[in-house]
Amino acid sequence: MATSTSCTGSTLLQPISTIIDLPLDQVNFVVCQLFALVTAFWFRLYLHPSKTSPFIRHVVATLLGFYLALFCFGWYALHFLVQSGLAYGVMIFTGVEHMHKYCFVVTLGYLSFCQVTRVYVFDYGMYSADFTGPMMVITQKITSLAFEIHDGLMKREEHLKPSQKYLAVRKMPSLLEYLSYNCNFMGILAGPTCSYNDYVAFIEGRYYEPKHLESNGKENGKFKQCDPSPKRDVIQKLCTCALSLMVYLVIYTACPTERAINDTFMASNPFYIQVLYLYISMLALRPKYYFVWTLADAINNAAGFGFNGYNTDGTPKWDRISNLRILNIEFATSFKMFLDNWNIQTSLWLKRVCYERCPYNPTAATFLLSAIWHGVYPGYYLTFITGIVVTMAARAVRHNVRQHFLGSATLKLIYDVITWFSTQMAICYTVVPFVLLAVGPSLKFYSSWYCCVHLLCVLLVLVLPVKSRRTKQQEQLGIVQASEQNCISSPDSNCNQKQKAT
């Protein structure tokens, strides 16, 4: 029974949980998110920056966030304050030179401690709304802010990438600004992560100023307005939420992933039926995440956060902090395309704090960090270890095969169909341990498939050569240097244009 699941938060909604037969913690989560949605409209209309000060907006956003956290998680919500407080202390009392590293270790370490105690001390099998979920988002925000402060206060402008220049924080945030960024009611329960500069600009009423530009860089005078309305996008996202929830409750209930390792099911069905079943099961599981992330996006948009300029027809875009692109996920033709459109803000966090900064084997380091961040279930590590091999194999195939299918539209279509099917199967195969969580069931599944995807990927990596990122950078540097040398030896009128093109 759903009502037998323990809940650390409020029991006010217990009768509703009993009636609809869902765990109370999940009911609390959904109701709190719906409350946050309504509150977000009020926040945008009645606490608009033109009507009140940033101080009031920070205070209200923070207090509402703490209230929602207490309602959902009870005293466990204190972990949010402890984690944030420890990291802020590190920021204040350690030097800026190494502050980002200390914050990273302390914040991720505290998250891992809470995940270990939740899984192995209290309730191993519980996989519903739990207090470490919001802590995962807070971890992203704290570590991102630490690196952004380091970039803004320690590095020279010319040493920063364009994205790092935009994200760099030039002064230490106050305690109120810091807590508001980490624990505001719009993102306390399900995120998504956003940059500190974007959040503060939103609170202070500067958020729309740089967005009044068309794609050609010219000011959009025809459609420019001071406060674009998110109403249309919020309604669309709520419709997506309703459809996603219906698909998940109807189809996934009938096709759970656990059945894929049922002895009777495997013995009574041929392999191609098992493959088809696994695809349908994973296809029906993803809408659970679509529901959570799209609802969180709608809440931020309703508050006026997430504006990303205008479309060519003058309608506002509200996808700046969106966490997924559903059509790009379902029709992905590469493993990278799937990952780039799934949990987008987490992918950006991994890229900014790990992939772009890790000097050795950044792909493996990024997958390892993702596994540690997700938690301590063994299935997570099996998934991300498999993901490393699949990513390397997909990269090898793309670099060695794709160019042979670009000669005609027909060949390109054939390539896209094959890679779409291969990507979907690779995703299903890789993600099964993430769903099953435990080692035994995960290994049972892989053995039932004879570890075929693992073996195929290892073979492709060994057979197909792929240039490393460092080799590519060296080749690009060589091209630039050769171009400059040609310009020196034969200075002509086109030299400057060639250098700019390079």
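The values are calculated or read from the model by the stated rules, or taken from the named source; none is laboratory data. Just so it is clear, the structure is predicted and the values come from calculations on it, not from any experiment. Heads up, the Cβs are rebuilt from the backbone with ideal geometry, glycines too, and the neighbour counts pull from every protein chain shown. These accessible areas exclude ligands, DNA and RNA; they are computed on the full protein's heavy atoms, side chains included. Shrake-Rupley method; radii C 1.70, N 1.55, O 1.52, S 1.80 Å.
Across the range 22-61, what is the number of residues that are in a helix (DSSP H, G or I), within 17 Å of G133 (Cα to Cα) and over 24 Å from the mean Cα position of the chain (by Cα)?
Total meeting the criteria: 1.
Hey, among S17, S4, which residue is modelled with pLDDT under 95 and surrounded by 18 or more Cβ atoms within 10 Å (Cβ to Cβ)?
Checking each option against the conditions leaves just S17.
Run down I280, I326 and say which single residue is over 24 Å from G187 (Cα atoms), open to solvent by 40 Å² or more (accessible area, probe 1.4 Å) and either modelled with pLDDT of 95 or more or touching a strand residue (DSSP E or B) at 6+ places or on another chain (Cβ under 6 Å) (or both).
I280
Scan the range 351-373 for residues that are assigned to a helix (DSSP H, G or I), in contact (Cβ under 8 Å) with a residue 12 or more places away in the chain and open to solvent by 40 Å² or more (accessible area, probe 1.4 Å) and report the count.
Residues in the range 351-373 being assigned to a helix (DSSP H, G or I), in contact (Cβ under 8 Å) with a residue 12 or more places away in the chain and open to solvent by 40 Å² or more (accessible area, probe 1.4 Å): 4 in total.
Given the structure, is F73 open to solvent by 30 Å² or more (accessible area, probe 1.4 Å), of a type in the set (F, W, Y) and either in a helix (DSSP H, G or I) or touching a Gly at 6+ places or on another chain (Cβ under 8 Å) (or both)?
Numbers: open to solvent by 30 Å² or more (accessible area, probe 1.4 Å): no; of a type in the set (F, W, Y): yes; either in a helix (DSSP H, G or I) or touching a Gly at 6+ places or on another chain (Cβ under 8 Å) (or both): yes.
Taking the combined requirement at face value, the residue does not satisfy it.
Is it true that some residue in the range 413-425 is open to solvent by 50 Å² or more (accessible area, probe 1.4 Å) and in contact with a helix residue (DSSP H, G or I) (Cβ under 6 Å, 6 or more places away or on another chain)?
Within the range 413-425, not a single residue is open to solvent by 50 Å² or more (accessible area, probe 1.4 Å) and in contact with a helix residue (DSSP H, G or I) (Cβ under 6 Å, 6 or more places away or on another chain).
Could you say which residue among L22, L86 is in contact with a Phe, Trp or Tyr (Cβ under 7 Å, 6 or more places away or on another chain) and open to solvent by 20 Å² or more (accessible area, probe 1.4 Å)?
Details: L22 fails: in contact with a Phe, Trp or Tyr (Cβ under 7 Å, 6 or more places away or on another chain).
Sole residue among the options that is in contact with a Phe, Trp or Tyr (Cβ under 7 Å, 6 or more places away or on another chain) and open to solvent by 20 Å² or more (accessible area, probe 1.4 Å): L86.
Residues of the range 91-108 being open to solvent by less than 50 Å² (accessible area, probe 1.4 Å), over 14 Å from E148 (Cα atoms) and either touching a residue at least 40 places away in the same chain (Cβ under 8 Å) or basic (K, R) (or both), which ones?
Of everything in the range 91-108, just one residue is open to solvent by less than 50 Å² (accessible area, probe 1.4 Å), over 14 Å from E148 (Cα atoms) and either touching a residue at least 40 places away in the same chain (Cβ under 8 Å) or basic (K, R) (or both), namely L108.
Return yes when N308 is in a loop (DSSP other than H, G, I, E, B), farther than 21 Å from T143 by Cβ and not aliphatic (A, V, I, L, M) and no when it is not.
The answer is yes for N308.
Give the range 102-150 a look and list any residue that's at pLDDT below 95, in contact with a Lys or Arg (Cβ under 8 Å, 6 or more places away or on another chain) and either on the phi > 0 side of the Ramachandran plot or in a helix (DSSP H, G or I) (or both), or say none.
Within the range 102-150, T132 is the sole residue that qualifies.
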